[in-house]
Structure formats: C-alpha cells, structure tokens
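Comments concern the structure below.
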Amino acid sequence: MKKVLFKNWNLIRIARFALGLFVIQQGYETDQPIMLGLGILLAVLPLLNLGCNGINCVVPPRRSFFQRNK
C-alpha cells in the first residue's frame, strides 16, 4: 500500500489530487454534500492511482452467442 501511495507521482496525478482537494474545500464552504462527495472521490482516485489513463479503459468487444458456445 505504501508503494501505491508514494510512487509514480507525476504532474497530472498531482493536478488531479489538487483538483479533488479544491472540490472538497468548495463543497465544505458552500455546504453542498454532493460536491463534497464528488471531491472525496476525485481526491481518492489519484491518491490510490486509480482511473482511466489511455488504453487501460478499453472495454473488450462483446462476443456473439455462437462464439461463446464453441
């Protein structure tokens, strides 16, 4: 877990984390729980290095019924 939290930080990951913290702060100041929840989500994803980044979010093509039964 330490490796995920402290390794491979780049500019985009830092910017995503900063955006999440900003949205948390705005949600807290304006007393909007939905915005606060969205900010928490936006802050946790880069913290754990999760999310889509290019090729990793490709959904495999759906196989037809006949291809599954072979």
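The values are calculated or read from the model by the stated rules, or taken from the named source; none is laboratory data. In this text, all values refer to a predicted model and were calculated from it rather than measured experimentally. All accessible areas refer to the heavy atoms of the entire protein, side chains included, with ligands and DNA or RNA removed. Shrake-Rupley method; radii C 1.70, N 1.55, O 1.52, S 1.80 Å.
Some observations on this one:
- Test result for Phe17, among the aromatic types (Phe, Trp, Tyr), part of a helix (DSSP H, G or I) and either modelled with pLDDT under 70 or open to solvent by 100 Å² or more (accessible area, probe 1.4 Å) (or both): no
The rows are residues; the columns are (1) at pLDDT 65 or above; (2) open to solvent by less than 80 Å² (accessible area, probe 1.4 Å).
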| site | (1), (2) |
| --- | --- |
| Phe22 | yes, no |
| Pro33 | yes, no |
| Leu42 | yes, yes |
| Pro61 | no, no |
| Ser64 | no, yes |
